[in-house]
């Protein structure tokens, strides 16, 4: 495995499920996986409604432990109230229904898009 990919996966393992700032769009999104499209590696993030593939050429900026704990917990609180996966979980506890819809979105990207890590739907 490429040394850089090992570093990206190690970073993911530390930050998975956390809200981060994406360097390309400067949005606060949840880090859910590392992906590969055959030409680049990606930080795969979730904004509560949609999945985004952010090239690892850019950065992600962690928030947990860098902003006040109460401010970070407020971000998590808002995610629990608004993120689609959390709403489904709260409604019927059937996260599999959400994951199936998510797989359809990934299929639209093309068959060369794969996950290099497990997808983490936990809020951390």
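You will find that of 35, 58, 48, 17, the residue that is surrounded by 12 or more Cβ atoms within 10 Å (Cβ to Cβ), under 16 Å from the mean Cα position of the chain (by Cα) and part of a strand (DSSP E or B) is 35 and no other. Residues in segment 1-17: is at least one in contact with a helix residue (DSSP H, G or I) (Cβ under 6 Å, 6 or more places away or on another chain) and modelled with pLDDT of 95 or more? Among the residues of segment 1-17, not one is in contact with a helix residue (DSSP H, G or I) (Cβ under 6 Å, 6 or more places away or on another chain) and modelled with pLDDT of 95 or more, which makes the answer no.
Filter segment 75-102 down to residues that are under 14 Å from the mean Cα position of the chain (by Cα) and modelled with pLDDT under 75 and give me whichever is surrounded by the most Cβ atoms within 10 Å (Cβ to Cβ). Within segment 75-102, the match that is surrounded by the most Cβ atoms within 10 Å (Cβ to Cβ) is 102. So, residue 63, is that one farther than 25 Å from residue 8 by Cβ, touching a helix residue (DSSP H, G or I) at 6+ places or on another chain (Cβ under 7 Å) and either free of Cβ contacts under 8 Å to residues at least 40 places away in the same chain or surrounded by 13 or more Cβ atoms within 10 Å (Cβ to Cβ) (or both) or not? No.
For residues that are under 15 Å from residue 59 (Cβ atoms) and surrounded by 20 or more Cβ atoms within 10 Å (Cβ to Cβ), scanning just segment 23-32, find the one that is farthest from the chain's Cα centre (by Cα). Can you show your working first?
Here is the first cut: in segment 23-32, the residues under 15 Å from residue 59 (Cβ atoms) are 23-29, 31.
Narrowing the set further to residues that are surrounded by 20 or more Cβ atoms within 10 Å (Cβ to Cβ) leaves 29, 31.
Values: 29: 7, 31: 3 Å.
Top of the filtered list is 29.
The values are calculated or read from the model by the stated rules, or taken from the named source; none is laboratory data. Only a predicted model underlies this, so the values are computations on that prediction, with no experimental measurement involved. Note that each Cβ is placed from the backbone with ideal geometry, even for glycine, and that neighbours are counted across all protein chains shown.
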